[in-house]
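As structure tokens, the structure follows; a few thoughts come after it.
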Amino acid sequence: MIHVAVRVRELVSSNIDAMLNKAANPAKALGLLRSEVEETLISLHSELTMTRRQQERTQSHSEKLEAEAETWTGKAQIAVDHGREDLARAALLARQNGMADAAAIKEEADQLARDVAELEAAIADLDAKRADITARAAEMTSGAATVKSGSIADAEVSRTTRRLDRIDELERRIAFGAENSPPPGSDAALAKADAEIAALSQASAIDAELEAMKAAAKK
């Protein structure tokens, strides 16, 4: 991506007038410059799509970790209700660690969001440069040549658009596959504590139901 960023700066800062004054064939030079701008735009759009998808996945992962961490509060209360301070302590520690992991992932998501903003700004700058080049090319033509040049330009823009659409579609498929991949397994110790707390919760529900049945039978 670094080489792309360098090229973007070079293209955006390029002096069209100076280039045309040096070129033996100004029209051809403009065409080559526009092609290079469009190729760079395609690379940027591809990078933007991947970065945006990664940011969305990372943000979602952070929110999921935070929600999972919060569930340990209720589990700790269940353990306390049953006199299991050891399990309650383990549950609160799991919540603390989960919150820390969520915060770290959230920072990654925030950085990716900043990267997305920078890529969008670079694309906007290059789009403006391409519009400037296209306008300058139009000024250099007249009559039938103008019509022919415009048709060629339209065809090139259409091809570029189709390529960008195909890149977006491919990235969406890749992102969809990643989003549906199975989550990694949980720590064995935490899984054991979670299972014990779940058993306590189930026992509480059964006890409550039995008490309700006894009360009904007395009536």
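The values are calculated or read from the model by the stated rules, or taken from the named source; none is laboratory data. The structure presented is a predicted model; accordingly, all values stated were derived computationally and were not measured. In this analysis, Cβ positions are derived from the backbone assuming ideal geometry, glycine residues included, and neighbour counts consider all displayed protein chains. Calculation scope for accessible area: heavy atoms of the full protein, side chains included, ligands and nucleic acids excluded. Shrake-Rupley method; radii C 1.70, N 1.55, O 1.52, S 1.80 Å.
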Legend entry - Residue, modelled with the highest pLDDT, within region 13-24, restricted to residues that are outside any helix (DSSP H, G or I) and surrounded by 14 or more Cβ atoms within 10 Å (Cβ to Cβ): 23
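Listed here are the residues, each with its yes/no results for (1) open to solvent by 30 Å² or more (accessible area, probe 1.4 Å); (2) among the charged types (D, E, K, R); (3) in contact with a Cys (Cβ under 6 Å, 6 or more places away or on another chain).
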{"residue": "10", "(1), (2), (3)": "yes, yes, no"}
{"residue": "26", "(1), (2), (3)": "yes, no, no"}
{"residue": "46", "(1), (2), (3)": "no, no, no"}
{"residue": "49", "(1), (2), (3)": "no, no, no"}
{"residue": "86", "(1), (2), (3)": "yes, yes, no"}
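Conditions (1) in a helix (DSSP H, G or I); (2) charged (D, E, K, R); (3) over 21 Å from the mean Cα position of the chain (by Cα), marked per residue:
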site	(1), (2), (3)
64	yes, yes, no
68	yes, yes, yes
73	yes, no, yes
76	yes, no, yes
80	yes, no, yes
89	yes, yes, yes
94	yes, no, yes
97	yes, no, yes
Inset, instruction - Answer with yes or no whether residue 119 is in contact with a Ser or Thr (Cβ under 7 Å, 6 or more places away or on another chain), farther than 30 Å from residue 197 by Cβ and either in a helix (DSSP H, G or I) or at pLDDT 90 or above (or both). - result: yes
Inset, instruction - Considering every residue within region 55-68, establish whether at least one is among the polar types (S, T, N, Q) and in contact with an Asp or Glu (Cβ under 7 Å, 6 or more places away or on another chain). - result: yes
Inset, instruction - Among the residues of region 93-105, write down those that are free of Cβ contacts under 8 Å to residues at least 60 places away in the same chain and crowded, with 17+ Cβ neighbours inside 10 Å. - result: 95, 98, 102, 105
Inset, instruction - State which residue pairs qualify: first residue on the phi > 0 side of the Ramachandran plot and open to solvent by 80 Å² or more (accessible area, probe 1.4 Å) and inside region 107-121, second residue part of a helix (DSSP H, G or I) and not aromatic (Phe, Trp, Tyr) in any location, beta carbons under 6 Å apart, and separation of 6 or more residues or different chains. - result: none
